[in-house]
Structure formats: C-alpha cells, structure tokens
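The structure appears below as structure tokens.
Just so it is clear, none of the values below were taken in a lab; they were calculated from the coordinates. Note that this is a predicted model, so its numbers are computed, not measured. When we count neighbours, we look across all protein chains shown, and the Cβ atoms used for this are built from the backbone with ideal geometry, even at glycine.
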Amino acid sequence: MNLRGKLPVEPLDEDRLVRIERRVVAGYGDAMARGQRTGARWVVPALAGAAVAAALAAALVWKLRPAREVTGPAIAAAPMRFEAAATGARVDLGDATLDVTPGAAFVVTRPTCDHDPAWARAVEACPTGTSGVLVALDGGRVEFAVESRKGRAPLVVRAGDVDVVVVGTHFSVERGEAVTVAVTEGVVRVSRGGAEVRVAAGQQWSAPTQVAAGAPMPQPTATAVATADPTGTGDGRDAAGETIASGRIETTTSGVAPELHGHDTVVPPTGAERDRHGGSDHAGASAHGDRDGAGSGSATGARPESKQAALRRMAVAPPKDVGATGEDALKLYIGMAGETGETRRQGFYGAAYTNRALGRPVEALRMLDALKDSKGAELDDVLWLRIQILCRTQVDSKCREAAHQYVQRFTGNDRAELANRITNEID
Amino acid sequence: VTAAYLEDVVLVDRCLSGESAAARELFRRHRGRVHASLYRVLGGNQDMDDLLQDAFLQVFQSLRGWRAEASLATWIDRVAVRVAYRYLSRRKQRGPTVELIEDESLSPVADVQVGGPAGGARHQLARDGVRRLYDVLDGLSPSARLAFTLHEIDGRSMAEVAEIVGATVTATKLRVWRARRAVEAAAAADPVLREFVSDGGAS
C-alpha cells in the first residue's frame, strides 16, 4: 500500500485564510483567558471566582447592549462594567475608563506581577502583589482616562508592536494604517522595537503601523487639542530639559521618572555633556535601540550618583551588528545562536542584549546562561550585562549576587567599583 | 538549544503577554502544516475553516501548558489532532457525511493537473480512489483513522504519530494495522480502490 503523495492538499485561498486568521486573532484573547481560568498549573487568586462571575455579568451586559459596531472581546480577570453610548461605548475598568469608538476592537487583561513573568519583565515597574492592565488594541480608536497607578504596575496599551505605558493620564490611541497617540493630560511612554519616546500633554505621536526595520522613532509633535496640563508633568512642573539619546527622550522631571526609568531621580546631562563624559561602550547602542547610552547622573554634581544612574551610564558592550534592530535583530541573533563556534556565542550575546532592550529580562538571562563558560573580555561583558539586567529596577538579592560574581573575577575598573558598591552598600 | 526552540520560546512568551501580533505570527507560522494534517485526516471538508479556527483557539487556550518538553510544532499538532478526534467522534454519532463525494471542488484531488485524455482518465480514477478510500475510513474508529492517516498519508513515523495521539508506539502500530487491513479488504473487492492504493496506482 502506498498512499503518500497521492492526496495533494487543496490550499486555502487567501480570502479564507484572512477570514480564519481574523477570527483566530479576535478570539485569541478570550481563549487565553479561558486557559488562564482553567489552567491547573497556575495559582488562581482567591478572588478569581468572584472576578470571573463579575466578568461574566459584565459580558452579559455587553451582549445585551444596544446594537452597535464595537466587536472587541473585552475580557479581564477583574470586575468590569460596560456602558453603551450613542456614538460608541464606555468601558469602566474600575481604575480606567475607556471611550471606544465604533469599529474599535480590543482585549483587556490584568496580568499580575507575581504570577505572570512575561508581564513583569515587559514593564519596568511591577510591584509585588499588584497587577497591571493590558489593553491589546486590534484596531480603531480608544480614549483612555486612567487613574494614578502609583505603587501599581502600569496600564499598557499595545497597538501591534507599539506599546504605550502610562501610570495615570488622559490620552487616546488609534490604530489604523498608522498608530496615533494623543495625550491631553499627564505623560505616556511609547516604545517600539527597543526605542522609546515620551509623549506629554498637548503632544501627539504618530507612526505607520508597518515600518521597516531600523526606521527612526518619530518624535512627538504639538497638537491643537486643549490640554488640562500643558506642562505634561501632571503637576505643573516644567517639562524642559529633555535630551534625546538612542531614540529616547530623557526627562529631568522626577515626578515622571519612576514609570520611565525605575526609581532613579537623578538628572541626566545634555547630549553634549554625555559625549564629554564618555561611556566608551556607547558606540552602536542607537543602532539597537539600546537605552544604556543615557547620560551621566554625576554630571549634575548635586548629589552622589545613584547606582542605577551609574549603571545606565556604564553601558554594556553592543553585540555584533547584524544590520537590524528590535525583533528583526533578535531573529538574526537567534539564527546565529543555532550555529557553532564564535558565531553561536555572538548570537547568544546578541539575543540576550536585544531581549533586554525589548524588555524581556528572563529571556535575556536565559540566553546569557548559554555563555557561562565565557572567559576574558567576553566574560566581563556577559557578567556586566547580567548585572544590567538584574539591577535595572532595583537592587535586590539577585542583583547583589550578580554584582558579587563580577567583583570575584574582575577588579580595578569602573565596572568593578560599581559592582562593589552594589554588593556592599545598603540603600 | 536550537534556533527554532529559541524562536518558539520567544513567540510563546509574546503570545502569553497578550500580544495579538504574536498570535497572528504563530497562526501564520503553523497554519499550513496544521491544515495539511487536518485535510489528510478528514479529507476535503466543508467544516475545514471552522476546524482550523478551533484548532488554533485550542492552542491559545492551552498555551500556558506548553513547557517546551516537545517542539512547539509537535505540541500544536497534538492539539489539532484532538480537535480532529472530537470532530470525528461527533460525526460518528451523527452518521457519516458525504461532502467529499458531492462537491468536487472539495476533493483532495480536485486541483490535480493532468493533461490530455489519458490524464483526464487518471484524474477521474484518482478522484474515485480518494472518495472510496475515505468511505472506508469513515467506517473506522476515530483513533484508528487518525493513526492510519497520520502515518500512511501524512507520512509521519510511528513514534511521531504515537506522540501526537498520546498513545504507545505498540498501540499505534496496532491501530494502523487494523486500519490497513480494513482498507486492503475493501480494496480486494473494489478494483478502483485497489488501483489507487497500489504502489503504482493513480497519483
């Protein structure tokens, strides 16, 4: 009996594929939520039952709403309430209100910092015991009013590969042929492929949905919308003093700093100051959207440079240039990691470096694990990158352990001095 | 650690973090293989779009359960096969359907291009052979049909089929053997099917 090759598969035509893909992507959020609720491997919070019941009730309200065009499968593992409006819908998440225009589609989840490591590493600040809000926008325009999230993980609006991170503000995100972020109160951070830009009140940021690898990050522009807080700081402080480094805008306003850069409040220098003070391994950072090229806090002289400011100043060595950035670079590095010899090592280092730049520290550390047998300068860079990953947001036991590993092997350079501070100084 | 493994890990992490673009990428990366497997197991089928959709929604629902103990592709195939199994079980309860026969455009050989009068005859023979083969498969248990089609038509090894259907290799071999015996018995009484399944049969 021979049947192989006798039954050619009738290919699905493009229209059918697009229809199926659309339905799969639209139902993906719901499916993930079902998996999360039924998954026995994960700890289910005590409130989950009540939350799911509330979500079901909310879904019922959603189903019974007057006929309208919003099709987004809004779901969450926390109480929600939906209200239909004549021209769209208003979704009250409890800690944020979403005004949804007809045709918009999105999925809401509440990833927890403790049980969702992918989320915890996607955001810089994720306090233990808190959860964030992730709004994955499939298309259309949604206007957000977000209560202060101080002490909690941020709210993130994800429009394709564009992330808008906020801790408390009023803004809108529109996803069509372009992704447009318009801020009317406070400030948000927009990140894409490792590059970041800050959009303050009265500003708008827009970029095509599809961009070529390595395309520069657009800068925000002023909008004509009336703003409740034209300073963009949320408290009336001057938002001046911004410096642009590696596709990112640094700010001197400490009121914004925690959400942007962990808990560091040290004032960065101007670009010229940064050039004078060096950062010898800064070269190539911008090509990879790296953020380590940010300026030296010590330039202010007002107070001792914090450890995390020093960490940012003493950047990691860039990986081998593969002529791409972000996810594209990551794919290339992963391909190299599948090779042998030096190419393999460069691939793992590049994958670690890029994962870190993309906000995936766990993946970055996993890639570095493959380089445990490094020696000499490579070991120096590997251990230093490990410190940069683990000490990014806070100096905890893992961070100190990584610093300790470094000082055990290297002494007498700036990195060793800082690693020694991290190991021994109690904040 | 292979590059494919690393890519899978990164992609799954992105899916789990709620990135719909990653879900789209996962679908596009695996849809062709999953569709081909479903097609060979079930034959041309008017429910194929729904089945493919169900398979991927099941994948996303279970994605947290993937622990990289198997390749992501194999794991997705396993989920898809479960969807096919449920479909066959339900259909068995409802009774057989004949969409494969009635709608030529849904036939697995509908798009075979064979030129000339002789080619046309071979085309007809192949189409009839496929139809009669799936008639026989409709009479098998879902588990035997899965094992047989994945091994004999989809070309997977016994070990791979066993892993996908969640059975031992011995049990899988037994299922394939039973199905083969049923097909051979039907072929003995049906010259068209006999010609189709023979080594030199229409293709």
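Which whole-angstrom value gives the distance between the alpha carbon centres of the range B:117-182 and the range A:2-26?
About 20 Å separates the Cα centre of the range B:117-182 from the one of the range A:2-26.
So what's the gap between the Cα centers of the range B:4-64 and the range A:370-427, to the nearest angstrom?
41 Å
Pop a pseudo-label 7 angstrom from the Cα along the beta-carbon direction at both B:Arg91 and A:Glu177 and give the gap in nm to one decimal.
4.4 nm
Summing +1 for each Lys or Arg and -1 for each Asp or Glu, what net charge is found among the other residues whose Cβ lies under 9 Å from the Cβ of A:Ala182?
So the environment of A:Ala182 carries a net charge of -2.
With each label point set 7 Å from Cα along the Cα-Cβ vector, what nm distance links B:Ala171 and A:Glu417?
Output for this residue pair reads 6.7 nm.
Å³ per residue of the Cα convex hull, for the range A:349-407?
Dividing the Cα hull volume of the range A:349-407 by its residue count gives 68 Å³.
Using a/c under 1.5 as the rounded threshold, could you call the range B:118-179 rounded, prolate or oblate? The axes a ≥ b ≥ c are square roots of the C-alpha gyration tensor eigenvalues, and prolate needs a/b larger than b/c, oblate otherwise.
Because a/c hits 1.5 or more and a/b exceeds b/c, the range B:118-179 counts as prolate.
Just the number, please: Stokes-Einstein D of the range A:328-427 in µm²/s, Kirkwood Rh from C-alpha pairs, 20 °C, 1.002 mPa s.
Calculated translational D: 155 µm²/s.
Tell me, what is the FRET efficiency for B:Met158 and B:Glu25 to the nearest 0.05, using R0 = 30 angstrom and their Cβ-Cβ distance as r?
0.40
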